[in-house]
């Protein structure tokens with residue numbers, strides 16, 4: 001069955017692939033992306049879950065556009081927060097390892 005996979009729409013595009021239902025729920029599709037020149041499968045199976053694949057190209061493109069708009073809104077909000085951010089000088093206190101992990105020491109320094 002031919003499907004359109006949107007899970008990588010914002011990085012690589014919408015993939016049109018041959019797929020079959022994965023064992024289990026019947027809604028997850030299994031497909032392979034790479035074949036050699038003789039048509040032999042040359043990649044591990046990939047899976048697309050409900051909402052990541054469509055049987056209609058227009059529905060897949062509509063989903064990709066929805067994903068794009070959501071990402072644009074997220075990035076605009078991140079840019080707004082960066083513009084409003086006040087950058088401060090943080091004075092780190094001295095810390096001893098005393099058997100603590102580096103993560104614990106880092107947390108002590110940053111939460112001084």
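Of the residues making up the stretch 1-30, those that are loosely packed, with under 12 Cβ neighbours inside 10 Å and within 17 Å of the chain's Cα centre (by Cα) are 11, 12, 13.
Listed by first and then second residue, the pairs linking a residue in the stretch 61-80 that is touching a residue at least 60 places away in the same chain (Cβ under 8 Å) to a residue that is surrounded by 12 or more Cβ atoms within 10 Å (Cβ to Cβ), with Cβ atoms under 8 Å apart and 6 or more places separating them unless they lie on different chains, are 67/6; 67/9; 67/10; 71/10. Tallying residues that are over 23 Å from residue 1 (Cβ atoms) and at pLDDT below 95 within the stretch 38-84 yields 0.
The values are calculated or read from the model by the stated rules, or taken from the named source; none is laboratory data. Everything numeric in this text was worked out from a predicted model, so none of it was measured. Quick reminder, even Gly has a Cβ in these numbers, built from the backbone with ideal geometry, and neighbours come from all protein chains shown.
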